[in-house]
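Here is the structure we will look at.
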């Protein structure tokens, strides 16, 4: 099944009010390539001004709390994100799993909270270099999917992002064959977990995606788009990735 591609930019802890000027050209590229979806996930502080500046561009968050409200200092609920103008939320990014010790159960709860509030959850999975070198990559990712995927997820409310941890920000990428093998395995697991909705859930590739390799990666079977880190911070880098995905 050919799914509509999604190219989502994760600004991580980068960006400023001035950086929002980059969104103008990104929106223009999204409008020019109507066969795919484009989103930007800036820091929490920039969600509302980004949504106001480019109402035609999907704006997402980089995390969400699983509770609707309460004594959770420093956290942001799904309803707050919706009110700010977000339509998506990344959950379970490898940096949060590592730095904030997030478990699969917590990631699943966050995804469920996002979906319940009307957000699309971009749920991240991926193996470390040690896990891949030990031959455990497929098993590790399958385990993360088992523990993290909300069973109420559908093709409209859930996106999976495969991010080999060892490739994020390093300039390294798996071979095309490695990407194809992993995405096929993820698809098979989604079919098992979500029944009829499994084939409808988009699977993004994320790990040092840049203009030079975007078209090749986006052409791989079961790669339904990209989750882009550093290269999404400027239109000069991100727009060619959008074009590469559209051409794939």
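Brief remarks follow.
- Listed by position, the helices (runs of 4 or more DSSP H) enclosed by the stretch 127-229 that each have at least 3 residues that are crowded, with 21+ Cβ neighbours inside 10 Å are 137-148, 176-194, 214-218.
- Check on residue 122, crowded, with 18+ Cβ neighbours inside 10 Å and farther than 21 Å from residue 173 by Cβ: no
- Single residue of the stretch 45-77 satisfying the filter (out of contact with any strand residue (DSSP E or B) (no Cβ under 7 Å at 6 or more places or on another chain) and within 14 Å of residue 118 (Cβ to Cβ)) that is surrounded by the fewest Cβ atoms within 10 Å (Cβ to Cβ): 68
- Qualifying residue in the stretch 2-15 (condition: at pLDDT below 95, surrounded by fewer than 18 Cβ atoms within 10 Å (Cβ to Cβ), out of contact with any helix residue (DSSP H, G or I) (no Cβ under 8 Å at 6 or more places or on another chain) and not in a helix (DSSP H, G or I)): yes
- In the stretch 128-148, the residues that are more than 17 Å from residue 206 (Cβ to Cβ) reach residues that are assigned to a helix (DSSP H, G or I) and at pLDDT 95 or above with C-beta atoms within less than 6 angstrom, at least six apart or across chains, in these pairs: 138/185; 142/189; 147/104.
- Residue in the stretch 216-224 that is within 24 Å of residue 20 (Cβ to Cβ), under 17 Å from the mean Cα position of the chain (by Cα) and modelled with pLDDT of 95 or more present: no
- The set of residues in the stretch 148-175 being in contact with a strand residue (DSSP E or B) (Cβ under 8 Å, 6 or more places away or on another chain) and either over 20 Å from residue 231 (Cβ atoms) or modelled with pLDDT under 95 (or both) consists of 148, 149, 150, 153, 155, 156, 157, 158, 160.
- Helices (runs of 4 or more DSSP H) fully within the stretch 17-118 counting 2 or more residues that are touching a helix residue (DSSP H, G or I) at 6+ places or on another chain (Cβ under 8 Å) and more than 21 Å from residue 204 (Cα to Cα): 22-32, 44-53, 78-84, 104-116
- Any pair with Cβ under 7 angstrom, 6 or more apart, that starts in the stretch 219-233 at a residue that is touching a residue at least 24 places away in the same chain (Cβ under 8 Å) and on the phi > 0 side of the Ramachandran plot and ends at one that is crowded, with 24+ Cβ neighbours inside 10 Å and assigned to a loop (DSSP other than H, G, I, E, B): none
The values are calculated or read from the model by the stated rules, or taken from the named source; none is laboratory data. The structure presented is a predicted model; accordingly, all values stated were derived computationally and were not measured. Positions of Cβ are backbone-derived with ideal geometry, glycine not excepted, and every protein chain shown enters the neighbour counts.
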